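Below: the structure, in structure tokens.
The values are calculated or read from the model by the stated rules, or taken from the named source; none is laboratory data. Worth saying up front: this structure is predicted, and the values here are computed from it rather than measured. Neighbour counts run over all protein chains shown; Cβ positions are idealised from the backbone, glycine included. What goes into the accessible areas is simple: the full protein's heavy atoms, side chains included, and nothing from ligands, DNA or RNA. Shrake-Rupley method; radii C 1.70, N 1.55, O 1.52, S 1.80 Å.
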Amino acid sequence: MSAPIPYADAVAEFEPVIGMEVHVELGTESKIFCGCPTAFGAPPNAQVCPVCLGLPGSMPVMNAMAIESTIRIGLALNCSIAQWCRMARKNYFYPDMPKDYQVSQYDEPLCVDGYLDVMVPTDDGPMVVRVGIERVHLEEDTGKLTHAGGATGRIHGADYSLVDYNRAGIPLVEIVTKPVIGTGALAPEVARAYVTELRDIMRGLGVSDVKMEEGSLRCDANVSLNLPGAERGTRSETKNVNSLRSVERAVRSEIERQAGVLKSGGRVVQETRHFHEDTGVTTPGRSKEHAEDYRYFPEPDLVPIAPDPEWVEELRSSLPEQPSVHRARLAEAWGIGDFEMATLVNAGVLELVEASVAAGVAPDAARKWWAGEFTRIANESGVEPASLAVAPADIARVEELIASGALNDKLARQVFEGVIAGEGTPDEVVAARGLAVVSDDGALLAAIDEALAAQPDVAEKIRGGKVQAAGAIVGAVMKATRGQADAAKVRELLLERLGVIDN
Amino acid sequence: MSAITRAEVAHLARLARLDLAEDELDHYAEQLDVILTSVARVSEVAADDIPPTSHPVPLVNVTRPDEARPSLARADALAAAPAVEDERFRVPRILEEQE
Amino acid sequence: MSTPLERDLIRQSAATLAEAIAEGEVSAREVTQAHLDRIAEVDDRVHAFLHVDGQGALATADAVDASRAAGELLGPLAGVPLALKDILAMKDVPTTCGSRILEGWRPPYDATVVERLRAAGIPILGKTNMDEFAMGSSTEHSAFGPTHNPWDLDRIPGGSGGGSAAAIASFEAPLAIGTDTGGSIRQPAAVTGTVGVKPTYGGVSRYGLVALASSLDQAGPCTRTVMDAALLHSVIGGHDPRDSTSIPDPMPDVVAAAARADVRGMRIGLVRELTGEGYQAGVEQRFREAVEILEHLGAEVVEVSCPHFDYALGAYYLILPSECSSNLARFDGMRYGLRVGDEGDRSVEEVMSLTREAGFGPEVKRRIMLGTYALSSGYYDAYYGQAQKVRTLIQRDFDAAFAQCDVLVSPTAPTTAFRIGEKVDDPLAMYLNDVATIPVNMAGNCAMSLPVGLAPEDGLPVGLQVMAPPMADDRLYLVGGALEGALRDRWGHLLIEEVPSL
């Protein structure tokens, strides 16, 4: 067994090639082949019918909106739209599949051959990577399995399983990239940026709520390594990548693992692996005894799809503003450059900044808080910034308090800490924790006198004209007031006290 | 020379989830061989530039509007199930994880 | 009408019964009860029925009687009872498809065909026997025992819809629904001396019809007269938004065509490839005599050649198994039907395999494996892919023939009814029964079988097949009606009247 090698060493020696397979659950009202509702969270098997249960004799009828959404996604990804194509049956047995075949597309996808430009920040400025899109096609989702009797709730070691078919038949769009080469050490960031950008596009199109935590955006990451100039290596496929952060971590972890295998003279096995959130590494799935043969053939119960070219052009011309265009517009409005914008996107906070600006927060302040403090807190807690319990209105309020002098930067951080921890609104946290800036001059002067008395030599220096030495006294007063003094005010009062003019 | 071997029949049975007995494998291999030899004459037809017909009726673009309709009552959905637990279909333990 | 009608309700045509009910001469309940009594009397020997729903049928009959009493307008077949092939989903009524794997299954929904029958006030007497999942030409592959041909109880009634045809031929019902994938309505009609029609593909909804081969299956009428078939065809036919392959255009007026029953000026093509070697002498003889009658009635008869018909059987036995191997995958013991082996710590893979091994009969297993083979990677192009191309060539042969003719004719089946057990162990010999009917399913057009005499060598019924272009179902009834009328005039009765009494 080989051990993974450190990332820097791995990418110094090998070239990673990545490929992403993303499934988007369309937010249609009804399922792909029947009128069953698609709402998330319904009681098990309460949203099924003969069609999506695959009862003998049932027949599918295609949801027009599913076709339209798939085409719009393809257009947004610069794909060519098929003039004529068919659905196909992918045949295999599995208990979450009511018909023991999945209706999908095989050699005739609806959309092919597109691209998506993604931007990642690098030390040398933002890098644009053009991710080729191999295909975008439409298929039906399966039911949901829960595994019972085992310790982990996972499939291994389970005694039996339970199936809920509510999800069976929900329309899925599968987006497959061409292999992405030349990303080098930035492969994990590129992967994450790609999924982020895809997610933003889906939101912009309004075709899905793309919530990774709810499964309406699912991502499989393919990774292979090769020596520079050599043939492409064997790839692994990693599943259970349930957040943007996990995309990055999974790719990184696979690079380290595969490099370790190759360095020790071994061979990378073509396999499906499972990503673990807690450990940040991948483990192999149960390897299959026999290779699967899906025996694809055209679905005889559905007729071919031939999108009217005029209609496709209408859809193309009514696409919403591309996220990249949208971002350029924001960058100009906020007076920031590509690098700063890429940083916001990469941290997954662009929309949060946008929402905060809409709530009245100055762009600079919004960026500062989201890309700085909140990203730090999110990373420490292992969550996405968007899931922190702080709203744009909260930020607007805190900024107000700072502007009025009631809070300083250090206190503001403590207020946000409290808000995120669920202690209440900014005002409630200020009150509960007693975080107001000390504005009472009397209290400040008392603290100043104490500090001066404690450091007479410093007091001498200041009186002697060394104004810089005032910092030590100010620091002592800040400490004494637990940071709740306005440092500039303290300095002002101190110099006044000592009769020194600040030049 | 036979068109299909016993081993191939075993493979087909596994793909099709049919637990055939040993003697059945031989029996079906024989019969499938005869049938395959007979149907193989379709390859005698020169059809390189002939388009395949997957649908006898030339319809395209049959769709329905995206409107939700009432589902089956849950009791009806589960009524015929061999095993039910927690309002779900209970199935035996799964060995081979599916992608 | 008088007492003879009341005594012989079961021997009347559906059209006559419908009229009598509408006129108030007899109640729908009486008619349904008479047929239930007949079933009770003879079905122990015929075994046409797998399930009899007396209660449901009488309830429908009573509703029709109530409607009539309230002065409401009745549909053209209201109150006339019907036997339903057990492959159509009927809510809360056992639907087995002739298989152990669905033994006891009661669907939670009605097929569209069933909905239309109910809406028409047609009492459904019960579900009829069939080859398992419609795979067969003799009904010997039913998991519940064969059906017996009323003409000779030691012989097969044809298949896969032997139950429906035998129910008609034994006067257990004046109407029946069958399904036809390669001849399963027409061939039983031929060997039982009854009428059977396979409508244009897409002409009758497949929603609720348990699929065998999705691109070939079609439900259709089984009756004793051409007019009865037309009336039933009108009830069940027409567009269904729940079936994506259903034809959106309105149905042709088959009832008007059956009434006109006129072939003057029609050009009738004899398909060279569908006669001659392999066809029983008596079958050929009766066929040719019937063609002569059509000429006397004013039709012009020409010979046409459809060379690719010789490959139809091979292509069919690649396409059908391929589609059915996929359609039957859902029978895995997880959601309904039989489950075998779920004890101890058997895996789901094992339980699925044990269930399907126990639940499916040998013919079903054969075709599933054939289909799995034909679709598997490495073989797809040579087998399934090639068969799809042969299908195109068969369609082109039909197109060329129909450019010269209005309809084509052939014997429906190469032989009369063979003995039970005679061919059941020889799959290829069994498949050959469909050689004349298969091309129509491959192309998707329509065809009818009607009785044209008894073969001299064995005294068993012979059927003539009429084939028409897609959507031209009315032409079947023009020709069938005319021929039936001429034969009835010649014999003084319909052929079915000669069936031995049970």
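Using helices alone, I'd like the mean residue ellipticity at 222 nm for chain C: each DSSP H run of four-plus residues gives -39500 (n - 2.57), total over residue count, nearest 500.
Details: 17 runs with 198 residues, N = 502.
After summing the helix terms and dividing by the residues of chain C, the value is -12000 deg cm²/dmol.
In chain A, which Cys residues have no partner Cys with a Cβ closer than 4.7 Å?
A:C34, A:C36, A:C49, A:C52, A:C85, A:C219
Could you report the accessible area of C:V301 in Å², rounded to 10, computed with a 1.4 Å probe on the protein chains as they sit in the structure?
In the full protein context, C:V301 sits at about 40 Å².
Hey, can you grab everything whose amide H is under 5 Å from the amide H of C:F49? Only 5+ residues off in sequence or another chain; H modelled, so Pro and N-termini drop out.
Answer set, sorted by chain and number: C:N129.
Compute the convex hull volume of the Cα atoms of chain A, divide it by the residue count, and report the result per residue in Å³ as a whole number.
Numbers: hull volume 105.1 nm³, N = 503.
Value for chain A: 209 Å³ per residue.
May I ask for the distance between the Cα centers of region A:315-366 and region B:1-55, given as a whole number of Å?
60
Just reorder B:E30, A:E340, A:E299 by solvent-accessible area, largest first, 1.4 Å probe, all chains present.
Numbers: B:E30 135, A:E340 75, A:E299 5 Å².
Final ranking, largest accessible area leading: B:E30, A:E340, A:E299.
To the nearest Å, what is the center-to-center distance of region C:338-381 and region A:433-503, using C-alpha atoms only?
The distance from the Cα centre of region C:338-381 to that of region A:433-503 comes to 86 Å.
Other chains' Cβ within 10 Å of A:84-92 residues: what's the mean?
Values: counts 1, 0, 3, 0, 1, 6, 1, 9, 5.
For peptide A:84-92, the averaged partner shielding equals 3.
Report the antiparallel proportion of the DSSP beta bridges in region A:7-289 as a percent, rounded to a multiple of 5.
Details: 53 of 56 bridges.
Around 95 percent antiparallel, to the nearest 5.
Looking at region A:138-238, which GluC sites (Glu not before Pro) are DSSP coil and have at most 10 other C-beta atoms within 10 Å of their C-beta? Each step should come with its number before you reach the end.
Working: sites: A:E139, A:E140, A:E174, A:E189, A:E197, A:E213, A:E214, A:E231, A:E237; in loops: A:E231.
The qualifying sites are A:E231.
Would you please give the residues with an amide H less than 5 Å from that of B:A83, counting only those at least 5 places away or on a separate chain, with H modeled from the backbone geometry?
Excluding prolines and chain starts, which carry no amide H, the hits are B:R90.
Between rounded, prolate and oblate, where does chain B land on the alpha carbon gyration tensor, with a ≥ b ≥ c its root eigenvalues, rounded for a/c under 1.5, else prolate if a/b exceeds b/c? Mind showing how you got there, number by number?
On the way: a/c = 3.27, a/b = 1.29, b/c = 2.53.
Cα axes put chain B in the oblate bin.
Calculate the length of the line joining the C-alpha centroid of region C:255-317 to that of region A:399-416, in whole Å.
So the two Cα centres are separated by 95 Å.
Compute the acute angle (0 to 90°) between the alpha-carbon long axis of helix B:6-15 and the principal axis of greatest extent of the alpha-carbon atoms of chain B; round to the nearest 10°.
That helix lies at roughly 20 degrees to the long axis.
Of the beta bridges DSSP finds with both residues in the protein assembly as shown, what % are antiparallel, to the nearest 5?
Values: 91 of 113 bridges.
Of those bridges, close to 80 percent are antiparallel.
With a 1.4 Å probe and all protein chains kept in place, how do C:W491, A:W370 rank by accessible area, largest first?
Highest to lowest solvent-accessible surface, that is C:W491, A:W370.
Quick one: what do you get for the protein assembly as shown if you divide its Cα Rg by 2.2 N^0.38 Å?
Details: Rg = 37.7 Å, N = 1104, 2.2 N^0.38 = 31.5 Å.
Against the empirical 2.2 N^0.38 Å value, I get 1.20 for the protein assembly as shown.
For a 29 Å ceiling on Cα separation, which of these pairs sit above it: A:K211/A:K410; C:K127/C:K389; A:K99/C:K127? Could you put the intermediate results ahead of the total?
Values: A:K211/A:K410 34 Å; C:K127/C:K389 37 Å; A:K99/C:K127 25 Å.
Pairs exceeding the cut-off: A:K211/A:K410; C:K127/C:K389.
Quick one: Karplus J couplings for region C:434-446, per residue in order, coefficients 6.51, -1.76, 1.60, θ = phi - 60°, nearest Hz, x for Gly and Pro?
Couplings: 9, 4, 8, 8, 4, x, 5, 5, 5, 7, x, 8, 10 Hz.
Grab the DSSP H runs of chain A that are 4 residues or longer, score each as -39,500 (n - 2.57), total them, divide by all residues and round the 222 nm result to the nearest 500 deg cm²/dmol.
Rounded to the nearest 500, the figure is -11500 deg cm²/dmol.
Given 4 °C and 1.567 mPa s, compute D for chain C with the Stokes-Einstein relation, Rh being the Kirkwood radius over Cα pairs; round to the nearest whole µm²/s. Walk me through the numbers on the way to the answer.
Working: Rh = 22.4 Å.
The calculation lands on 58 µm²/s.
So which lysines can C:K423 reach, going by Cα to Cα under 22 Å and dropping same-chain residues fewer than 8 places off?
Cα-Cα hits under 22 Å: C:K365.
When you look at the Cβ of every residue in A:34-44, what mean number of other chain Cβ atoms sits within 10 Å? Show your work: numbers first, answer last.
On the way: counts 5, 8, 5, 5, 2, 1, 0, 0, 1, 2, 7.
Mean partner-chain Cβ count within 10 Å for A:34-44: 3.
Convert each backbone phi in region A:45-50 into a coupling constant with the Karplus relation 6.51 cos²θ - 1.76 cosθ + 1.60 (shift: θ = phi - 60°), then list the ³J(HN,Hα) values in order as whole Hz, x for Gly and Pro.
Values, residue by residue: 6, 9, 10, 9, 8, x Hz.
For n ≥ 4 DSSP H runs only, could you compute -39500 (n - 2.57) per run for chain B, divide by its residues and tell me the 222 nm figure to the nearest 500? Display every interim value, and only then the final one.
Numbers: 3 runs with 33 residues, N = 99.
It lands at -10000 deg cm²/dmol.
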